[in-house]
1. Kindly check whether there is at least one residue in the stretch 41-64 that is within 28 Å of residue 188 (Cα to Cα), over 23 Å from the mean Cα position of the chain (by Cα) and at pLDDT 85 or above.
2. With the stretch 223-282 as the region, which helices (runs of 4 or more DSSP H) entirely inside it contain at least 2 residues that are out of contact with any strand residue (DSSP E or B) (no Cβ under 8 Å at 6 or more places or on another chain), assigned by TED's automatic domain parsing to the domain that holds residue 210 and at pLDDT below 85?
3. Within the stretch 162-175, can you find the residues that are surrounded by 22 or more Cβ atoms within 10 Å (Cβ to Cβ) and under 18 Å from residue 291 (Cβ atoms)?
4. Restricting the search to the stretch 180-207, which residues are at pLDDT below 90 and part of a helix (DSSP H, G or I)?
5. Applying the selection to the stretch 1-40, what residues are over 21 Å from residue 107 (Cα atoms) and either at pLDDT 75 or above or part of a helix (DSSP H, G or I) (or both)?
6. Any residue at all in the stretch 118-132 that's out of contact with any helix residue (DSSP H, G or I) (no Cβ under 7 Å at 6 or more places or on another chain) and modelled with pLDDT of 90 or more?
7. Considering every residue within the stretch 60-82, establish whether at least one is buried (at least 16 other Cβ atoms within 10 Å of the Cβ), farther than 21 Å from residue 113 by Cβ and touching a residue at least 40 places away in the same chain (Cβ under 8 Å).
C-alpha cells in the first residue's frame, strides 16, 4: 500500500524557492538598508523573510518575478495572504514592499513603484499595556527577597523603570556602559544601531550598587563577565557564569514576580518601558523628551502615548480654567 503524502503545514510550505535573481535583489536591498540606515540584524532578517515570501508566492502563482511585479500582484498577495489577519500584519508587509520598490526605482532597477497608490488598512488606536504607579511599586517590592537573584531582579526592574530601556538593551548592558557616579547609562547599538545616553535616578543607582557589590559575584561564582546582569551558574557550567541574562529568562522572571505581586494586568516584556513613558508624561514631561529617552527615531512612534498627555491636559483645563 502506497504511503500517503504528508500535506504541508502551511500553504507557503508548498511554494517553490525564490528565484536566484530575486535573492540577489533582496540581498542588495538589505545591504543598502544596513549601510544607509544601520538597521538591526533582526529587522533586516524580517525584511528579507517578507520579501522572500512574496517572491515565492509570485513564483507559485506564475506571476512576474519580484522586481517586475505590478500593482495587481501586490494587491492580490496582500489580499490572499493576510485575509482575516490583523491590519497591523498586512500593513507591516506593505511597508516592506514599499521600501523595496522605492529603493528599486532610485537604483534604476525599474521605472515605476507598484505600491505608490496603495493605502494602508486602518488600525484602531493602539494603547500600550502599562501599569499604575502602585502596581510598579508592588512589582519592585516583590523582587526584594534578600537573595542574590532577588537583588539582581530588583536592580534590573529599577533600572528599566527609571530609564525606559528595551529588554534587549537591558540584558545586553555592559559594565563599561554603566555610569553610577553620573547616574547615566550608555545604550550602545540600540534599535537602528543608534547610541544614546539615558539618565536614571538615585533609587535605581542604589539598587544597582547593592546588586553589584553583594550579589553579582555570587551569581558569577568565580567567573568573569562583561555584562551587568548575569544568569546563575547551573551544574558547574561556565556559560551561566559568563553570559548575559537572556531575554527569555527576563520574561520568565517578570511574569513570576507579577504573580507574586498580585498583578493580573496583561504584561509584555516592554511593560516597564511603557510605564516609564506613561508616568513621565503623566507628571508633565514633554513628548519630545520622552522620544529622546526611549530612542525613537520618529515622533510618530512615541505618539502612542499621547492619550496620557491628552488626559492630563483635560484635567489641567478642568482644574484651572474659569469655565472648566
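1. no
2. In the stretch 223-282, the matching helices (runs of 4 or more DSSP H) lie at 238-242, 271-282.
3. Of everything in the stretch 162-175, those that are surrounded by 22 or more Cβ atoms within 10 Å (Cβ to Cβ) and under 18 Å from residue 291 (Cβ atoms) turn out to be 162, 163, 164, 165, 169.
4. 191, 192, 193
5. Within the stretch 1-40, 11, 12, 13, 14, 15, 16, 17, 18, 40 qualify.
6. no
7. no
Listed here are the residues, each with its yes/no results for (1) in contact with a helix residue (DSSP H, G or I) (Cβ under 9 Å, 6 or more places away or on another chain); (2) farther than 18 Å from residue 292 by Cβ; (3) touching a residue at least 60 places away in the same chain (Cβ under 8 Å); (4) outside the structural domain of residue 259 (by TED's automatic domain parsing).
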site: 137; (1), (2), (3), (4): no, yes, no, no
site: 140; (1), (2), (3), (4): yes, yes, no, no
site: 160; (1), (2), (3), (4): yes, no, yes, no
site: 177; (1), (2), (3), (4): no, no, no, no
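The values are calculated or read from the model by the stated rules, or taken from the named source; none is laboratory data. Bear in mind the structure is a predicted one, so any value in this text is a computation, not a measurement. No Cβ is skipped: glycine too gets one built from the backbone with ideal geometry, and neighbour counts run over all protein chains shown.
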